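Below: one structure, written as structure tokens.
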């Protein structure tokens, strides 16, 4: 008799984080509880979930990993028997006046399963639209990270990483079947680029994309696009937020779909990496 794997219920949170760290953490804890109440066993928070503000406010906000915030969510993960992905927080670093932008994946026993420091920093200048230099306050990470739990191999990425297809292909080659994309995607580029890029990363790697988001405009003028999403390996949007308020979006992932789609269009076997220009 063939055993059919049970779908994985996942949830992505949409938040309106600001510079009040305790308030942000309290709201995030409530959203994790709400997602767990809906049966989700993997719950993802957005980028900068615990503090989202200009670099001039960063001093004193960064913390160690593990640290006070990860410990608080570890306790909740154990209590509710869920995997909690802390989309990203400011982690202290040895670099003067710069923190890391760090994702932390916490398992059902409260253990840290993976830590990923954002490798592609949001340094852009779109005249009249958005100018931002994340690298002025954030030090880049230097490692690609995957993590395994249940029947998932999770490829960890953060927001601006979404524009670097080679990162996602590298994670897929390492076995990733689900991509985590916690984000604070710009409201200036979001309408044209957010869904297109997220669906492209799913389609080209035949993998799920799970993307929590920030939404709205902070008191300091940081404007984000929202539209938290869950996308299947065929590029179909399974669930999406269409509000500008904090909420959770839930969907069931049929993990067997990844293997099936990769058999149907075997882009990995058909790759010809020897022909590709790998020069910087």
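Contact map, region 40-62: first residue on the phi < 0 side of the Ramachandran plot and surrounded by fewer than 18 Cβ atoms within 10 Å (Cβ to Cβ), second residue part of a helix (DSSP H, G or I) and at pLDDT 95 or above, Cβ cut-off under 7 Å, separation 6 or more or different chains; pairs are 61/21. Among the conditions (1) over 24 Å from residue 152 (Cα atoms); (2) within 23 Å of the chain's Cα centre (by Cα), residue 275 misses just one, which is (2). Residues that are in a loop (DSSP other than H, G, I, E, B), out of contact with any helix residue (DSSP H, G or I) (no Cβ under 7 Å at 6 or more places or on another chain) and at pLDDT 95 or above within region 223-242 comprise 226, 228, 236, 241, listed in sequence order. Inside region 70-84, can you point out the residues that are in contact (Cβ under 8 Å) with a residue 12 or more places away in the chain and either more than 14 Å from residue 50 (Cβ to Cβ) or part of a helix (DSSP H, G or I) (or both)? Result: 70, 72, 73, 74, 75, 76, 77, 78, 80, 81, 82, 83.
Contact map, region 124-138: first residue in contact (Cβ under 8 Å) with a residue 24 or more places away in the chain, second residue assigned to a helix (DSSP H, G or I), Cβ cut-off under 6 Å, separation 6 or more or different chains; pairs are 136/55; 137/55. Please indicate, with yes or no, whether at least one residue in region 263-276 is touching a strand residue (DSSP E or B) at 6+ places or on another chain (Cβ under 9 Å) and either farther than 14 Å from residue 13 by Cα or assigned to a helix (DSSP H, G or I) (or both). Among the residues of region 263-276, not one is touching a strand residue (DSSP E or B) at 6+ places or on another chain (Cβ under 9 Å) and either farther than 14 Å from residue 13 by Cα or assigned to a helix (DSSP H, G or I) (or both), which makes the answer no.
Per the listing 117, 169, the residue uniquely more than 23 Å from residue 13 (Cβ to Cβ), crowded, with 18+ Cβ neighbours inside 10 Å and modelled with pLDDT of 95 or more is 169.
The values are calculated or read from the model by the stated rules, or taken from the named source; none is laboratory data. Since the model is a prediction, treat every value here as computed from it, not as a measurement. Because the Cβ atoms are built from the backbone with ideal geometry, glycine has one as well, and the counts that use them run over all protein chains shown.
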